[in-house]
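Undergrad: So that we are looking at the same thing, I have put the structure below in structure tokens.
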Amino acid sequence: KKSYLKFKFKSSDILLFGRESAGVPKLLHQTIKNKLKIPIRKTTRSLNVAIAVAIVTSEALRQNNFIK
């Protein structure tokens, strides 16, 4: 797993987010090449999936010049 901050997003990338209760199914984990993580404090239990989507998507858009 690599921090989303160190990943170089391409405009053709597909972002997949798992369910809050179970994450991404194991079958997909076996076939997906790049798995990203969002660094959080050790005292933070987890992030809501909507927040995770907003964080990672905004970085992907920023890197591809969709956000100035």
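Undergrad: Considering only residues that are loosely packed, with under 10 Cβ neighbours inside 10 Å and of a type in the set (Ser, Thr, Tyr), look in the stretch 8-26 and name the one that is nearest to GLN63 (Cα to Cα).
TA: Going through the qualifying residues, I end up with SER12.
Undergrad: In the stretch 14-49, what residues are at pLDDT 90 or above and in contact with a Phe, Trp or Tyr (Cβ under 9 Å, 6 or more places away or on another chain)?
TA: LEU15, ASN34, LEU36, LYS37, ILE38, PRO39, VAL49
Undergrad: In the stretch 36-68, how many are under 14 Å from PHE9 (Cβ atoms) and basic (Lys, Arg)?
TA: 1
Undergrad: Let me ask something else. Could you please find all residues in the stretch 27-68 being open to solvent by 70 Å² or more (accessible area, probe 1.4 Å), in a loop (DSSP other than H, G, I, E, B) and aliphatic (A, V, I, L, M)?
TA: If the condition is that a residue be open to solvent by 70 Å² or more (accessible area, probe 1.4 Å), in a loop (DSSP other than H, G, I, E, B) and aliphatic (A, V, I, L, M), then ILE40, ILE67 are the ones that fit.
Undergrad: Pick from PRO39, PRO25: which is touching a Ser or Thr at 6+ places or on another chain (Cβ under 6 Å) and either acidic (Asp, Glu) or on the phi < 0 side of the Ramachandran plot (or both)? Before you say what the answer is, go through the steps one by one.
TA: Numbers: PRO25 fails: touching a Ser or Thr at 6+ places or on another chain (Cβ under 6 Å).
Answer to the selection: PRO39.
The values are calculated or read from the model by the stated rules, or taken from the named source; none is laboratory data. Computed from a predicted structure; not experimentally measured. Positions of Cβ are backbone-derived with ideal geometry, glycine not excepted, and every protein chain shown enters the neighbour counts. When the accessible area is computed, the model is the full protein with side chains, heavy atoms only, and any ligands, DNA or RNA have been set aside. Shrake-Rupley method; radii C 1.70, N 1.55, O 1.52, S 1.80 Å.
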